[in-house]
Amino acid sequence: MTAPVVDTHTHLLAAGHWPAAWWDRVAEDWAAMEPGRRPEQIRDRIEPGLVDEDGARMIERMDRADVAMSVILPIDWGPDLQSADAIAHANDHALALSRTYPGRFAAFVGVDPRRPGTLDTLTARIERGEVHGLKLYPGCGWQPASDAAMEIYAVVEKAGLPVLFHTGDPLPILDRDLSNPIHLLPVAESFPDLKIWLGHAGAPDWWDEACVVAEASAHVKLEMSVWLWDDSDEKARKLWLRHLTEARNRFGAERLLFGSDHVSGHKVRGDAFLDTIVTAYRSLPVDGPPETAFTQREIDLILGLNALADLGLETTAANGVSAK
Ligand SMILES: [Zn+2]
């Protein structure tokens, strides 16, 4: 039996989850690509191409790529860009999907420390058993080592839940400097038991900074989405492999996570996207000197077993994954 695959970085959207400012920006960018096209002509056609409200398309693509479980990451864009209603709805949506498809989705909660009452809302959700982990996006405009954020980490560390931070280049309209993983160094040092997942491991410019944070705590993991796309050329694939190999040699395979940054709307990522990325991981070199070859056990750890351990889940022969 092959070990289950867990995709630790996906977005599953319903209408209204992402803010108007984001769709405005995408419409402007797309309109600019064709002479004579105006943003308002395409603005309202973009969101429907990204949503997958009932999760059916995500499940279909997971089945095709033999992915047992996906981590859904709702984004709290913060009080300046998004209403509190919208993020509550996105978080509830992820939870509902995890219940509709038992064992297939881990529902993370998008949180912005700047919102009043964040800690109480989060604590209540954790107590109700609704939280599989947190998705935090400092690039939306907050300092990762701010007092309000540190209070959240303390609660999450105690609850034993993983936290995925977006690190690396942010979505357009967000703050690039705040997305540098180096800002997480004081977090890793102050919360040695916090399960920190460095989303995108600083891609494309901050790999070294991500490694500095990984060096600081044994509970930091490098989540490798974005380093590899389905259409990556030979040069990009080599860089992805070099980083994976370097991290395995420095920190051990236990510190790496497979993630795809999948978005399951019909206008993004393509039907074969997930399959192509999973296949690349399954095809990591197993022959050659120990510095460059991976064992099957290491590949299994990266593709899913590390994530399951942090999520407090274990594998069963019958249905892939279940609660411990
Ligand atoms: Zn993402």
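Quick note: the coordinates plus some simple rules give every number you see, no bench work behind them. A quick note: this is a predicted structure, and the numbers were derived from the prediction, not measured. No Cβ is skipped: glycine too gets one built from the backbone with ideal geometry, and neighbour counts run over all protein chains shown.
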With runs of 4+ DSSP H residues as the only contributors, calculate the mean residue ellipticity of the chain at 222 nm using -39,500 (n - 2.57) per run, divided by the residue total and rounded to the nearest 500.
-11500 deg cm²/dmol
Per-residue HN-Hα couplings for the stretch 189-206, Karplus 6.51 cos²θ - 1.76 cosθ + 1.60 at θ = phi - 60°, whole Hz, x for Gly and Pro?
6, 7, 10, x, 9, 6, 7, 9, 9, 7, x, 6, 6, x, 4, x, 10, 10
Please list, in chain and number order, the residues 5+ apart from Phe105 or on another chain whose amide H is under 5 Å from its amide H, with Hs placed from the backbone.
Ser70
Contact order normalised by residue count of the stretch 220-324, Cα under 8 Å, 6+ apart, percent
25
Considering only Leu257, Leu50, Leu303, give the residue with the highest GNM mean-square fluctuation for the chain, with springs between Cα atoms whenever their separation is below 10 Å.
Leu50
Exposure proxy order (Cβ contacts within 10 Å, fewest to most) of Met58, Met33:
Met33, Met58
Which of the aspartates and glutamates could be linked to Lys158 by a straight reach, that is with a Cα gap under 14 Å, when you skip same-chain ones fewer than 8 residues away?
Glu127, Asp193, Asp310
Which one, Val155, Ala293, Ala214, projects farthest toward the positive side of the charge dipole computed for the chain from Cβ point charges (K/R +1, D/E -1)?
Ala293
Can you sort Cys211, Cys140 from fewest to most other Cβ atoms within 10 Å of each residue's own Cβ?
Cys211, Cys140
Listed with the fewest Cβ neighbours within 10 Å leading, Lys235, Lys267, Lys195 appear as Lys235, Lys267, Lys195
What lysines does Lys267 reach when the alpha-carbon gap must be under 25 Å and sequence neighbours fewer than 8 apart in one chain are set aside?
Lys135
Defining a contact as two alpha carbons under 8 Å apart and six or more residues distant in sequence, what relative contact order in percent does the chain show?
21
Could you check which residue among Asn180, Asn91, Asn249 shows the biggest mean-square fluctuation in a GNM of the chain with a 10 Å Cα cutoff?
Asn249
Residue by residue through the stretch 68-75, what is 3J(HN,Hα) from phi via Karplus (6.51 cos²θ - 1.76 cosθ + 1.60, θ = phi - 60°)? Round to whole Hz and write x for glycine and proline.
6, 9, 10, 8, 8, 10, x, 9
